[in-house]
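Notes for the one structure printed next.
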Amino acid sequence: AVEPLARRGGCGEVTLAMDQPAGLQVDYVFRGVEHAVRVVVSGQVLELEVEDRMTADQWRGQFDASFIEDLTHKTGNFKQFNIFCNMLESALTQSSESVTLDLLTYTDLESLRNRKMGSRSGRSGPLASRSAQLNSKRYLILIYSVEFDRIHYPLPLPYQGKPDPVVLQGIIRSLKEELGRLRGLDGPDARDTRDTEIWHLREQVSRLASEKRELEAQLGQSREEALAGRAARQEAEALRGLVRGLELELRQERGLGHRGVSRRSQDCRRLAKELEEVKASERSLRARLRTVNTELAVYK
């Protein structure tokens, strides 16, 4: 089954995928007349429909990959099926200046061919007998502009007449049902649901904002703690430097103290020796004094 065609105006952004049915519809002006162009790609088949917005006349054609590739081969500028579909999409959405579209009758197409072949017109007899049938067709022309040349890829679209009123009524009914369903989605229950969802979302936003403030406060506190820690480390380093200086001074003082003690010990030993010598001299003098006193006592 083909997916429903999405209604588009002007440039659309739809890729006509090859692996699954895809559709595109745009309004396109051909020679001053507005038309609706519908494209459906399903597998290796391209479906085209053109509708005159004023008269509701429709033209429709279906082309498989072999037809498209054979058509492009005959023009001398071969394109693979998927490349051709992408070119057609770009022309419809007017997303590329190198590809455009035109809608021609059979007579217009023959005039174009004659101009390209040198304005030869010797085939007017057979054309006159079939003009009514042929001119009921339309040819969607994909025009590919390359350097110094324009390549025309004509896609024949047989006339389908005007839309069947029964089909149109069915489409109208389905559209009304879809509209009613969409309006039902906008009823009181739906509004209540949306209000509840909005309330929950606001609650989440409020909670997230509160968490954000808490995280910012924690971040500020962490920064303050980091600064305080840095100051404490600097102070500790200064104290360690002071301790090292004091330890050095203490070692120096201890060295000086050891040298002073050594000198004092030497002085004490020297003085003790001198004291012993004085004592010995004193003992000697006392002995002589006793001897002298004894001699004096004898002479008396």
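Tabulated data for the structure shown
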{"read-out": "Test: residue in the range 148-168 that is under 37 Å from the mean Cα position of the chain (by Cα) and under 29 Å from Leu92 (Cα atoms)", "value": "no"}
{"read-out": "Total residues in the range 141-178, condition closer than 17 Å to Asn77 by Cβ and surrounded by 13 or more Cβ atoms within 10 Å (Cβ to Cβ)", "value": "10"}
{"read-out": "Residue within the range 37-54 that is crowded, with 18+ Cβ neighbours inside 10 Å, part of a strand (DSSP E or B) and of a type in the set (Lys, Arg) present", "value": "yes"}
{"read-out": "Test: residue in the range 113-133 that is among the small types (Gly, Ala, Ser), modelled with pLDDT of 90 or more and closer than 30 Å to Val167 by Cα", "value": "no"}
{"read-out": "Any hit, the range 106-118, residues being within 16 Å of Ile141 (Cα to Cα), β-branched (Val, Ile, Thr), surrounded by fewer than 16 Cβ atoms within 10 Å (Cβ to Cβ) and over 38 Å from the mean Cα position of the chain (by Cα)", "value": "yes"}
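The values are calculated or read from the model by the stated rules, or taken from the named source; none is laboratory data. Being a predicted model, the structure only gives us computed values, none of them experimental. For neighbour counting, all protein chains shown are included, and Cβ atoms are generated from backbone atoms with ideal geometry for every residue, glycine included.
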